[in-house]
Amino acid sequence: MKDLASTLERFSAGDRRALARLITLVENRSSAVPEVMRALYARKGRARIVGLTGPPGAGKSTLGDRIIACLREQGRKVGVVAVDPSSPFSGGALLGDRVRMQAHFLDEGVFIRSLSTRGRHGGLARATREVVQLLDAFGFDDVLVETVGVGQTELDVMRLAHTTLVVLVPEAGDTIQVMKAGLLEIADVFIVNKADREGAGRLKNELEVMLGLRGESRWRVPVLLTEATAGKGIVEVVEQIDAHAAALHAAGGDDGSETRVREWVEILRDEVEQRLSLVLESDDFAELARDLREDHTDPYSAALAVLKDPERLARALAGKRDRSGS
Ligand SMILES: Nc1nc2c(ncn2[C@@H]2O[C@H](COP(=O)(O)OP(=O)(O)O)[C@@H](O)[C@H]2O)c(=O)[nH]1
Ligand SMILES: [Mg+2]
């Protein structure tokens, strides 16, 4: 990217368009990403990161909207990343979010971005984390991350949150599902939303029994009832986010050392993988690829041949190639 330095400068001066631009680089997996993240590394680490997860339709976005309003009243600046699970054929969910979040549209203290899961595999957790880090570095006090809590990717995403809110609804009923989905382990606060519907009290009781069976821990996971559409129970949610942050702080906080090591492994693996796939399609390895296509060698021998030529591999990996075209 030609004007990366000036974009970084404008980002540091609080230019929201520069922020949006850098998020797009992350989203497109541009080869400039490591450089961007390195440049901003020292600026991050101030924001409180709050995860919001649960099944589709549970009311996460509606709740998020209410939480934003509550935090804004406290004068806190809020960044939001919604990992949008809508299929490539439906922009509907995204549009819904936009319309709903409209209330905050003109508010300089709020920044909302949806990340599409379309066509992504392992890179989503990393991209989400990087967007969260950008929002953190930009100076938001709180960063909300909304995901649909089902798979490993979502659990990975949630690991980056200081406080994770798991949103359920009465009709989800079966608490066994909660355990199966691994939500019990990641929840710092349970929220039973749509408390206007039947069965909310029962689900709350079941969750409390389940949590009680886990035995003692430093933080007692609360189960809260909310009606996001009516704005009921939101103050209590924000109080519990504060309480959990205070409990983390009292316990000495997280020095982030484990996270840094994990990030390093993940970044390196991802970068090597991306470069490798380009390199193997380049002229450097054309001969080997041809031999494979013409069946003169087998895939195992061909892979070992690459590993046995570390110099050629290192040369190829060091080559900078821009994948984003920006
Ligand atoms: N009855 C009722 N409906 C709600 C409540 N909260 C959200 N909804 C509705 O549930 C639907 C899904 O909400 P949304 O926030 O998009 O859920 P998400 O997929 O988890 O983000 C929307 O039609 C909301 O209006 C609530 O407390 N009570
Ligand atoms: Mg949503």
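Some observations on this one:
- Selection within the range 133-189 - over 19 Å from LEU224 (Cα atoms), among the charged types (D, E, K, R) and at pLDDT below 85: GLU154, ASP156, ARG159, LYS180
- Residues within the range 32-68 that are part of a helix (DSSP H, G or I) and within 16 Å of ligand 2 (Cβ to nearest atom), tallied: 9
- Filtering the range 41-69 to residues that are open to solvent by less than 10 Å² (accessible area, probe 1.4 Å), more than 19 Å from ALA181 (Cβ to Cβ) and of a type in the set (A, V, I, L, M, F, W, C) leaves ALA47, VAL50, ILE67, ILE68.
- Meets criteria (closer than 23 Å to GLN74 by Cβ, over 26 Å from the mean Cα position of the chain (by Cα), of a type outside the set (Asp, Glu) and within 15 Å of ligand 1 (Cβ to nearest atom)) for ALA230: yes
- VAL192 satisfies every condition listed in (1) surrounded by fewer than 18 Cβ atoms within 10 Å (Cβ to Cβ); (2) over 24 Å from ARG76 (Cβ atoms); (3) β-branched (Val, Ile, Thr) except (1).
- Residue in the range 194-209 that is in the same structural domain as ILE67 (by TED's automatic domain parsing), at pLDDT below 90 and under 27 Å from the mean Cα position of the chain (by Cα) present: no
- Scanning the range 228-244 for residues that are surrounded by 15 or more Cβ atoms within 10 Å (Cβ to Cβ) and among the polar types (S, T, N, Q) turns up just one, GLN240.
- No other residue among THR24, THR7 is open to solvent by 30 Å² or more (accessible area, probe 1.4 Å), at pLDDT 90 or above and β-branched (Val, Ile, Thr) apart from THR24.
- Qualifying residue in the range 243-266 (condition: over 25 Å from the mean Cα position of the chain (by Cα) and closer than 30 Å to LYS194 by Cα): no
- Exclusive hit being in contact (Cβ under 8 Å) with a residue 24 or more places away in the chain and open to solvent by 50 Å² or more (accessible area, probe 1.4 Å), set LEU280, LEU292, LEU304, LEU268: LEU280
- Restricting the range 108-121 to residues that are surrounded by 14 or more Cβ atoms within 10 Å (Cβ to Cβ) and in a loop (DSSP other than H, G, I, E, B), the residue that is modelled with the highest pLDDT is GLY109.
- Restricting attention to the range 56-77, the residues being over 16 Å from ILE234 (Cα atoms) and either among the β-branched types (Val, Ile, Thr) or within 7 Å of ligand 1 (Cβ to nearest atom) (or both) number 2.
The values are calculated or read from the model by the stated rules, or taken from the named source; none is laboratory data. All of these numbers come straight from a predicted model, not from anything done at the bench. Positions of Cβ are backbone-derived with ideal geometry, glycine not excepted, and every protein chain shown enters the neighbour counts. Surface areas here come from the heavy atoms of the whole protein model, side chains and all, with no ligands, DNA or RNA. Shrake-Rupley method; radii C 1.70, N 1.55, O 1.52, S 1.80 Å.
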